[in-house]
Amino acid sequence: MSLVVRKYVPQIIISAIIVATVAFYYLYISKEVAGAFSTADKALSDWAVIITSFALIVGGIDILRFHVLRIKREGLAQAPFSTVTIALLITMVVFGVIGWYYSYADPKAGITITTQPQFRWLYTNVYAPSDAAVYSILVFYIASASYRAFRVRNPMALLLLITAVIIMFGNTTIGGLIWPGFLSLRDWIMTVPNTAAFRPITIGAGLGTIVLGLRLLTWREVSWMGRRE
Amino acid sequence: MISWEVLGAWISAALVVWIYSFAYRDNALYKLAEHIFLGTAAGYSIALALDSLNRVLIRPAVTTPGTFWATSWHYVIPVVLGLLMFAKYSRRYYWLARYAVAVNLAVGTGLALRAVPVANIVRQITATILPLWGSDPVKVVNNWLMVLITVGGLTYFLFTIFPRRVEGAPPSPTYQVYRALYYIGIYGMMVGFGALFANTIMTRVGFLISIYLIYLQPQVWASIVAAILAAIAIVLGALRKR
Amino acid sequence: MSGRISLGRVLESRELLYTLLLLSVILPLLHPIGIPIEISVRTRDVYNYVEKLKPGCHVYIEVYYEVAARGELEPNLIALTKHLFDKGCRIVYGSLSAFGVVAFSLFRASAADLFADKVYGRDYVYLGYIAGGEAATASLAKSIKGTISVDNYGNRLEDLPLMKEVDKATDFDLVVIVSSGTDVFAYYVRQWHTPYGVPLLFVALSVIGPSIEPFVGAKQAIGMLVGQRAAAEYEVLVGRLGLGMASMDAQSTSHMLILAFIVIGNVVYWSKRLSSRRGGAR
């Protein structure tokens, strides 16, 4: 019995919903039934929208738990850093909740979670610049890689390099000064050989999605359950 | 009295510099900035999840309860499922969270599954069925390239059962065609990856430019100080390697 | 001897590469060179498509990028918004990613002049963040008001004049997806274009562009604006120069520097390889 509720019922739910979602889209019986299908289809999508919100909250709490455990495990060396993470996480949530409260207590003030002044200050001046800096630091590694790793060892690497150089000239304004044809050559590469090169990948991704769907439908895919039964 | 705006600008600039210091080497200030980023990002994510939940569910339930219960009563189910997600922290009832994951996964997969055959497969194949003969030579060459590289890529990725070659015997025509398509696929992909590499540079440099223009402000003297600091870093780096 | 070694070390150090890269970006920003820009056919095609939209048309814009991608995508978003407003279009913005809210807030502040004479609720609306990814995309395609009841600022959607005119995917004349990720383009192709045939316009990071090109090639999107270069071109076309155009000189110098790194790296590699071969032959 316990295995039934722990494993089989969730799998039955998966199969039933996949079949229903596909049927709602392709099956046509009558206009009335199609209307009912459309309503049910929208309801299922909305369920996923609501559950995703809960999943995001659980994800945030996971980070909180992880840092509390890190302080316990790693002691003073990690404590100041993890404390900063925990404090900022809680601060953001508290300001967000204050905004949420005001959206009901004083709707005319126009304060909501995302427009609460302190919350806004924190995401504009702390979250935004650190996010931008973290992602942009990769530019240094690209520069370093182009010097150390971009070696023409064989004809394939040579073709890759030639394409890259043409696109680089086509992307920049200085390329146009050197030879005006770089821009149209870049556009040709992007629309003909590049499109053809990425098309099999797009088709492969589509086939992968179908295979994953069929594996879920037939209960062969169990990794989503987390631990094995 | 320093304003919040000015303080914010200083904090932004400091965070950028601390994070960039990682390019020189890992250090405590980078680690601090990294943890600040993580804390705000996680807190932001929770708050925005609440915001979405509020606007999809709570707000209509509170402000227009009559309409809500008449049309959206079934929202009780995802709310219960969402709350069950917290069961993952329990050693005994962890499996309850699977119900929520199951519904979410099934809806996502079902939605993708019904559109993927057309969007990712049929439309891509029909876009590759092109006339290979005609009066416009440029178009003909383009069409040949499009068809050969696409079929070559498919040969490389999907039709991975390479025909056997009998030892000593000359290669069969099937083998030769397969081999040619296989290599056309690889060379086509090299063109794609070359484009990807060049565009990666564009993106990353673009990120750096926007950081400089938005958070660090283009000041001549500040840039000179930064250059001196960088020169010191070069010398220190060279000495360290010795 | 030691002096020669340390000079070699300095020349090989990654710190030198990084500094040169920073200089190649910073110097042209401090002293712009002003290299003229040519407009590509693809950008002009997108411009011409928008140009043909009729006054009063409705456009949905998905703002789906993190702050890091601002330099590449925000100039595109600003130029497109200006063009659409100039054509008399009304715009509904929405975000399927949480960071889209920050991106929109920063975009709104950078393009304050464009919104100065526009009335919120009549000319444009920002729906805010809607969780759920592909499920949310599918749900919004059927009914926006059936999915969320209030916008990002707490206004009831039913009270906003613009939202009385639009509700579902087919109500829009154009859907623009401004994204730093690949997935969301596929979501809109699958949930908005495939079932409803809504025209899509992709605005992508340069690094994303090549991989979503097959959708554009298969006419599942009317066109694509890729990165800062397309932004700069569009800024010129709509006559409002901004971050896109300001970045072009710095992009040129840094690209030339990286090209020099590649060439030097290969010269060093091949000279070492050839000399070792010669050594082996001896």
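Derivation of every value follows stated rules applied to the coordinates shown; laboratory data play no part. What you see is a predicted model, and the numbers here were worked out from it, not measured in a lab. Positions of Cβ are generated from backbone atoms using ideal geometry, with glycine treated the same way; all protein chains shown enter the neighbour counts.
Modelled label-to-label distance, residue A:32 and residue C:260, 7 Å Cα→beta-carbon offset: nm?
The answer from the label model is 7.8 nm.
Compute log10 of I(q)/I(0) for the stretch A:13-73 with the Debye formula, placing one identical point scatterer on every Cα and leaving out solvent, at q = 0.12, 0.19, 0.21, 0.30 Å⁻¹, to two decimals.
Those come out to -0.49, -0.76, -0.84, -1.14, one per q.
For the stretch C:42-94 and the stretch A:49-113, what is the separation of their C-alpha centers, rounded to whole Å?
Measuring centre to centre over Cα atoms gives 34 Å.
Would you mind counting up the charge near residue A:20? Only other residues with Cβ under 14 Å from its Cβ, with Lys and Arg at +1 and Asp and Glu at -1. Please list the in-between numbers first.
Details: positive: A:42, B:114; negative: A:41.
Charge balance in the 14 Å sphere: +1.
Hey, with R₀ at 45 Å, roughly what FRET efficiency would residue C:241 and residue C:54 work out to, going by the Cβ-Cβ distance, to 0.05? Walk me through the intermediate numbers first.
Numbers: r = 27 Å, r/R0 = 0.61.
The calculated FRET efficiency here is 0.95.
Sequence neighbours fewer than 8 away in the same chain don't count; with that in mind, list the lysines whose C-alpha is under 30 Å from residue A:7.
Within reach: A:42, B:88.
Find, to one decimal place in angstroms, the Kirkwood hydrodynamic radius of the protein assembly as shown, where the mean of 1/r is taken over every pair of different Cα atoms and then inverted. Intermediate results must be reported in sequence, preceding the final value.
On the way: mean 1/r = 0.0356 Å⁻¹.
Hydrodynamic radius (Kirkwood, Cα pairs) of the protein assembly as shown is 28.1 Å.
Work out how far the C-alpha atoms of chain A reach from end to end along every principal axis, then list the three figures in whole Å, largest first.
67, 59, 47
Could you give the size of the charge dipole of the protein assembly as shown about its Cα centre, using +1 on the Cβ of each K and R and -1 on the Cβ of each D and E, expressed in debye and rounded to the nearest 20?
So the magnitude is around 2700 debye.
Report the percentage of all Cα-Cα pairs in the stretch B:76-196 whose separation exceeds 19 Å, rounded to a whole percent. Mind dumping the intermediate values first?
Working: 5038 of 7260 pairs.
Cα-Cα pairs of the stretch B:76-196 separated by over 19 Å account for 69 percent.
Cα to Cα, under 18 Å, and not fewer than 8 places away if on the same chain: which lysines meet these conditions relative to residue C:164?
C:118, C:142, C:145
Which whole-number percent of Cα pairs in the stretch B:78-129 have a distance greater than 12 Å? Display every interim value, and only then the final one.
Numbers: 907 of 1326 pairs.
Every Cα pair in the stretch B:78-129 considered, those over 12 Å come to 68 percent.
In debye to the nearest 20, how big a dipole does the stretch C:90-164 give about its Cα centre with +1 on each Lys and Arg Cβ and -1 on each Asp and Glu Cβ?
Using only the charged Cβ atoms, the result is roughly 160 debye.
Among C:157, B:203, A:2, pick out the residue whose Cα is farthest towards the positive end of the charge dipole of the protein assembly as shown, where Lys and Arg carry +1 and Asp and Glu carry -1 on C-beta, about the Cα centre.
Going by the Cα projections, it comes out as A:2.
Please report, to one decimal in angstroms, the Kirkwood hydrodynamic radius of chain B built from all distinct Cα-Cα pairs. Don't skip to the answer; put the middle values down first.
Numbers: mean 1/r = 0.0384 Å⁻¹.
About 26.1 Å for chain B.
How big is the gap, in Å, between the Cα center of the stretch B:157-184 and the Cα center of the stretch C:216-249?
44 Å
What distance in nm separates the two pseudo spin-label positions at residue A:224 and residue A:177, each 7 Å out from Cα along the beta-carbon direction?
5.5 nm
Taking Cα centroids, how far is the stretch C:154-168 from the stretch C:104-149 in Å?
That distance is 11 Å.
Work from the charge dipole of chain A (Cβ charges, +1 for Lys and Arg, -1 for Asp and Glu, about the Cα centre) and give the residue of A:102, A:130, A:224 farthest towards its positive end.
A:224
If you take every residue apart from residue C:228 with its C-beta less than 13 Å away from the C-beta of residue C:228, what net charge results, scoring Lys and Arg +1 and Asp and Glu -1? Can you show the working numbers first?
Numbers: positive: B:204, C:70, C:229; negative: C:72, C:74, C:233, C:235, C:249.
Net local charge, residue C:228 excluded: -2.
What helices in chain C pass both tests, a Cα length along the helix axis of 20 Å or more and a mean Kyte hydropathy of 0.0 or higher, using whole DSSP H runs? The partial results should precede the final answer.
Numbers: long enough: C:14-30 (24 Å, 1.79); C:70-86 (23 Å, -0.24); C:243-281 (56 Å, 0.43).
Helix filter hits for chain C: C:14-30, C:243-281.
How long, wide and thick is the stretch A:78-136, going by the Cα atoms along their three principal axes, in whole angstroms, largest first?
For the stretch A:78-136, the Cα spread along each principal axis is 42, 27, 12 Å.
Could you list B:74, B:35 so that the one with the fewest beta carbons within 10 Å of its beta carbon is first and the one with the most is last?
Details: B:74 12, B:35 22.
By the 10 Å Cβ count, ascending: B:74, B:35.
Can you tell me, using C-alpha contacts under 8 Å and at least 6 residues apart, the relative contact order of chain C as a whole percent?
On the way: 421 pairs, mean separation 67.9, N = 282.
Relative CO of chain C lands at 24 percent.
Using unit Cβ charges (K, R positive; D, E negative) and no other charged atoms, how large, in debye to the nearest 20, is the dipole of chain A about its Cα centre? Mind showing how you got there, number by number?
Working: 19 positive and 10 negative charges, 146 e Å.
For this selection, approximately 700 debye.
Going by how many other beta carbons lie within 10 Å of each one, how would you line up C:268, B:80, C:207, fewest first?
In order of increasing Cβ crowding within 10 Å: B:80, C:268, C:207.
What distance in nm separates the simple spin-label points at residue B:70 and residue A:3, each placed 7 Å from Cα in the Cβ direction?
About 4.9 nm separates the two model spin labels.
Could you tell me the relative contact order of the stretch A:15-165? Use alpha-carbon pairs under 8 Å, at least six residues apart, and round to a whole percent. Present the calculation step by step, with values, prior to reporting the outcome.
On the way: 60 pairs, mean separation 13.9, N = 151.
Once divided by the residue count of the stretch A:15-165, the mean separation gives 9 percent.
Within 10 Å of each Cβ in peptide B:25-33, how many partner chain Cβ atoms are there on average? Round it to a whole number, please.
Numbers: counts 1, 0, 0, 2, 0, 1, 4, 4, 6.
Mean shielding count: 2.
Starting from the Cα-Cα distance between residue B:159 and residue B:229, subtract it from 0.36 nm times their residue separation and give me the gain in nm to one decimal. List each step's numbers first, then the result.
Numbers: separation 70, 0.36 × 70 = 25.20 nm, distance 5.52 nm.
So the extension gain works out to 19.7 nm.
Taking R0 as 35 Å, what FRET efficiency do you get between residue C:120 and residue C:183 from their Cβ-Cβ distance, rounded to the nearest 0.05? Let's see the in-between values first.
On the way: r = 30 Å, r/R0 = 0.85.
Approximately 0.75, to the nearest 0.05.
All other residues with a Cβ under 12 Å from the Cβ of residue B:127 taken together, and with Lys, Arg as +1 and Asp, Glu as -1, what is their net charge?
On the way: positive: A:199, B:123, C:219; negative: C:213.
Cβ neighbours under 12 Å give a net charge of +2.
With a 10 Å Cβ neighbour count serving as the proxy for reagent exposure, in which order, fewest first, do C:165, C:213, C:235 appear? Walk me through the numbers before you get to the answer.
Numbers: C:165 13, C:213 27, C:235 24.
So the residues, fewest neighbours to most, are C:165, C:235, C:213.
How much length would be gained if the chain were fully extended between residue A:158 and residue A:16, taking 0.36 nm per residue of separation minus their Cα-Cα distance, in nm to one decimal?
Roughly 46.0 nm would be gained on extension.
In Å³ and rounded to a whole number, note down the convex hull volume per residue for the Cα atoms of chain C. Intermediate results must be reported in sequence, preceding the final value.
Numbers: hull volume 50.5 nm³, N = 282.
Spread over its residues, the Cα hull of chain C gives 179 Å³ apiece.
Quick one: P(r) of the stretch C:1-160 from all Cα-Cα pairs, 10 Å bins, percents rounded to integers, in order of increasing distance.
Answer for the stretch C:1-160: a P(r) of 9, 27, 29, 14, 11, 6, 3, 1 percent.
Let me know the mean shielding of C:264-270 by other chains, meaning the per-residue number of their Cβ atoms within 10 Å of its Cβ. Intermediate values should be presented prior to the final figure.
Numbers: counts 2, 9, 7, 0, 3, 5, 3.
Neighbouring Cβ atoms belonging to other protein chains average 4 per residue here.
How much FRET efficiency would the formula 1/(1 + (r/R0)^6) give for residue B:239 and residue C:108, where r is the Cβ-Cβ distance and R0 is 51 Å, rounded to 0.05? List each step's numbers first, then the result.
Working: r = 48 Å, r/R0 = 0.95.
Step by step, r from the Cβ atoms, then E = 0.60.
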